[in-house]
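The values are calculated or read from the model by the stated rules, or taken from the named source; none is laboratory data. Please read these numbers as outputs of a predicted model, since none were measured by experiment. Every residue, glycine as well, gets a Cβ built from its backbone with ideal geometry; the counts of neighbours run over all protein chains shown.
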There are 2 protein chains.
Amino acid sequence: MGGDHGPAVTLPACRAFLQSHPHAHLLLVGLPDALREVAGWVDGRCSVVPATEVVAMDDPVEVALRRKKDSSMRVAITLVRDGQADAAVSAGNTGALMAIARYVLKTLDGIDRPAIATQIPNARGGATTMLDLGANVDCSAEHLLQFALMGSALVAATGGRAQPSVGLLNIGEEVIKGNDVIKRAGQLLREAAARGDLNFHGNVEGNDIFKGTTDIVVCDGFVGNVALKASEGLASMVGGFLREEFERNLYTRLVALLALPVLRAFKRRVDHRRYNGAALLGLRGLVFKSHGSADALAFEHALARAYDAAGAQLLQRVQAGIAHAAPLLVPAPAAGD
Amino acid sequence: MGGDHGPAVTLPACRAFLQSHPHAHLLLVGLPDALREVAGWVDGRCSVVPATEVVAMDDPVEVALRRKKDSSMRVAITLVRDGQADAAVSAGNTGALMAIARYVLKTLDGIDRPAIATQIPNARGGATTMLDLGANVDCSAEHLLQFALMGSALVAATGGRAQPSVGLLNIGEEVIKGNDVIKRAGQLLREAAARGDLNFHGNVEGNDIFKGTTDIVVCDGFVGNVALKASEGLASMVGGFLREEFERNLYTRLVALLALPVLRAFKRRVDHRRYNGAALLGLRGLVFKSHGSADALAFEHALARAYDAAGAQLLQRVQAGIAHAAPLLVPAPAAGD
């Protein structure tokens, strides 16, 4: 039901996803009226689970959590808790999704706070996995270690790398750089690497996200959110400038026509839709978040990401990674969580 | 002497700057041997001030500060302190420049910590002034208010806006978003706005930097540094992809040739060299930092920025802004400064 476009986007995406994933089953949770067309899908690998309410994109977390107890979001996550679904995917309100997922599923042992991890295209032609992206605005060093372990499990499960490399986002590469939390986190990450819990590269800087210096970049949710949104802002500005210059006059429009294959190939390489589908990590169940503005192609990618993660036993891998590093994960002091 | 290229870049930049600024005088500080060619400049508005040492780009701050007491950086900043120069400009080691400037010039009354402010091109065709960019990795709400006041003075002095708008960088626009420091900073900024000390727009997000939602964006140095470097990384990736696609084969190279005027116009619009020259604010003297990798055009812009700031009485404006807001600037608790 969620996202900026609702079923108008999610239903076509579901249909395409079922076609490209012949063993997948979908439970479509929402207002039955809005999902009526699904009855016409002959496939049998798709059913509707009714919900009577919908969390709006601008609902405060409290409303979503306390008042809308039969929302499509809540019902979908409950299906995951009860083992009826292997993963839930939503394009809805991020804050509400995180709060409901945390309330219904609870966090894993050894995890104080779930984190949001997404993939960002990098100059190597692959993607950098970055977390946290806004679930946690005040992180301790232990939280950052938890993020590193969860991110490693995610990339190992879905990215096909046994020992993905982890970078700690900082304002310089040297060990002495950064604030106290970052310096302590660096120490914890080095200890974890020495114990074989993860493959720690060291500090990385903002530009390393796009260089693809490491498979994973770990940071505070405040920093991650700002860096991601700043990048989105820059990408949109650059795209706008390019379009304006090619639309300036008759000559430039003609050149644009000739350059169409080049511009299309360029666009494909920076197309963030292929990377849609952020993982909410650290919960006792798989939940994926699609960008609210996703179109059908983007939402289909989010579905595929959740499907692949469930098939690759992401939950068990995260649990195992955390359990192995347990001695380093002394409970972090409460910091206004 | 500083920067990645030294006098090979700075000297041509100085020469061009003198030509375009007929009332400017330059004191070139450095090793006399490296500056020998200046003697041939007939103009008389340029002289060499000798220094026997140079701070290297990778010198630790302690070495620059305690052991190289006759460095070109130190001598140049001392000229500012002694009133022989109106501003100092360096393309050298940022950490060393900040430490020396702070030691030699001291901070203004009411300022706990200097901040680094730079201009970032935005989609409106203007520039957003952002601070801090890395001088302070752990800021209190009071520090962020100081940054807002100093940034306002900078844009009022050099950007031709009497009441520049200030945005507080956050992970959402709502007042309740963010961590405790940000929420308290928001409150302080609202109080300052109510007193007429500044024009506070409210919270802004990462993408607003490039949208140009506000004239000034205020943030912690850690966040600012990561956001700026992430943007640089993205810009470089996107530029690389565009170049690769236009160089792919004979057809695309031909198209690139035809598209040359378009691509040049595009490049001009995203050319960060025009915005080179970050201000070190909060000191008892004007110091500007050029990007280390600046070419002659970029360095010339940094010189022009410093010249304009001195001409517009930036120092006095910052002092006046801080003095006016003094009642709000109760000393912030020391936080591992």
(message) Please pick out the residue among B:ALA24, B:ALA85 that is assigned by the TED database to the domain that holds B:LEU314, free of Cβ contacts under 8 Å to residues at least 60 places away in the same chain, out of contact with any Pro (no Cβ under 8 Å at 6 or more places or on another chain) and hydrophobic (A, V, I, L, M, F, W, C).
(response) B:ALA85
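Select from the stretch A:186-210 the residues that are in a helix (DSSP H, G or I), more than 27 Å from B:ASN122 (Cβ to Cβ) and of a type outside the set (D, E, K, R) and list them in ascending order. First the steps, then the outcome.
Kept after step one, since they are in a helix (DSSP H, G or I), are these residues of the stretch A:186-210: A:186-194, A:206-210.
Among the residues that remain, those that are also more than 27 Å from B:ASN122 (Cβ to Cβ) are: A:186-194.
Within the stretch A:186-210, A:GLY186, A:GLN187, A:LEU188, A:LEU189, A:ALA192, A:ALA193, A:ALA194 meet the criteria.
For residues that are not hydrophobic (A, V, I, L, M, F, W, C) and not in a loop (DSSP other than H, G, I, E, B), scanning just the stretch B:152-179, find the one that is nearest to the other protein chains (Cβ to nearest Cβ). Before the answer, list the steps.
Residues of the stretch B:152-179 that are not hydrophobic (A, V, I, L, M, F, W, C), as a first pass: B:152, B:158-161, B:163-165, B:167, B:170, B:172-174, B:177-179.
Next, only the ones that are not in a loop (DSSP other than H, G, I, E, B) stay: B:152, B:158, B:165, B:167.
Working: B:SER152: 21, B:THR158: 22, B:SER165: 17, B:GLY167: 12 Å.
Going through the qualifying residues, I end up with B:GLY167.
Could you tell me whether B:LYS229 is at pLDDT below 95, of a type in the set (Lys, Arg) and over 26 Å from A:GLY95 (Cβ atoms)? Walk me through it before giving the result.
Values: at pLDDT below 95: yes; of a type in the set (Lys, Arg): yes; over 26 Å from A:GLY95 (Cβ atoms): yes.
So B:LYS229 fits the description; yes.
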(request) Among the residues of the stretch B:1-45, count how many are under 24 Å from B:ALA310 (Cα atoms), of a type in the set (Gly, Ala, Ser) and assigned to a helix (DSSP H, G or I). (result) 3
(request) Provide a single number: the residues in the stretch B:235-247 that are closer than 20 Å to A:LEU254 by Cα and facing chain A (nearest Cβ under 8 Å). (result) 3
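Taking the residues in the stretch A:211-222 that are at pLDDT below 95 and in a helix (DSSP H, G or I) as candidates, determine which candidate is nearest to the other protein chains (Cβ to nearest Cβ).
Step one: list which residues in the stretch A:211-222 are at pLDDT below 95, which gives A:220-222.
Now restrict to residues that are in a helix (DSSP H, G or I): A:221-222.
Values: A:GLY221: 7, A:PHE222: 6 Å.
If we take residues in the stretch A:211-222 being at pLDDT below 95 and in a helix (DSSP H, G or I), then A:PHE222 is nearest to the other protein chains (Cβ to nearest Cβ).
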(request) Pull up the stretch B:254-271, narrow it to residues that are at the interface with another protein chain (Cβ under 7 Å from one of its Cβ atoms) and not in a helix (DSSP H, G or I), then point me to the one that is nearest to the chain's Cα centre (by Cα). (result) B:VAL270
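Might you let me know whether the stretch A:285-296 holds any residue that is within 27 Å of A:GLY6 (Cα to Cα), acidic (Asp, Glu) and modelled with pLDDT under 90? So that I can check it myself, show each step before the final result.
Here is the first cut: in the stretch A:285-296, the ones within 27 Å of A:GLY6 (Cα to Cα) are A:285-296.
Retained after the next criterion (residues that are acidic (Asp, Glu)): A:295.
The next check asks that each one be modelled with pLDDT under 90; those that pass are none.
Within the stretch A:285-296, not a single residue is within 27 Å of A:GLY6 (Cα to Cα), acidic (Asp, Glu) and modelled with pLDDT under 90.
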(request) Return the pairs, sorted by first residue and then second, in which the second residue is surrounded by fewer than 23 Cβ atoms within 10 Å (Cβ to Cβ), the first residue lies in the stretch A:199-220 and is on the phi > 0 side of the Ramachandran plot, the beta carbons are less than 7 Å apart, and the residues are 6+ apart or on different chains. (result) A:GLY202/A:GLU173; A:GLY212/A:ASN122; A:GLY212/A:ALA123; A:GLY212/A:ARG124; A:GLY212/A:GLY126
(message) Considering only residues that are over 13 Å from the mean Cα position of the chain (by Cα) and either assigned to a loop (DSSP other than H, G, I, E, B) or within 24 Å of A:VAL270 (Cα to Cα) (or both), which ones fall in the stretch A:127-151?
(response) A:ASN136, A:VAL137, A:ASP138, A:CYS139, A:SER140
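Identify, from the list B:LEU79, B:LEU97, B:LEU65, the residue that is surrounded by fewer than 24 Cβ atoms within 10 Å (Cβ to Cβ) and in contact with a strand residue (DSSP E or B) (Cβ under 8 Å, 6 or more places away or on another chain). I'd like the intermediate steps shown before the answer.
Numbers: B:LEU97 fails: surrounded by fewer than 24 Cβ atoms within 10 Å (Cβ to Cβ); B:LEU65 fails: in contact with a strand residue (DSSP E or B) (Cβ under 8 Å, 6 or more places away or on another chain).
None of the others qualify; the one that does is B:LEU79.
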(message) For the structure I just gave you, tell me whether A:ALA227 is facing chain B (nearest Cβ under 10 Å), under 20 Å from B:PHE246 (Cβ atoms) and in contact (Cβ under 8 Å) with a residue 12 or more places away in the chain.
(response) no
(message) Given (1) part of a loop (DSSP other than H, G, I, E, B); (2) crowded, with 21+ Cβ neighbours inside 10 Å, identify the lone condition not met by A:ILE182.
(response) (1)
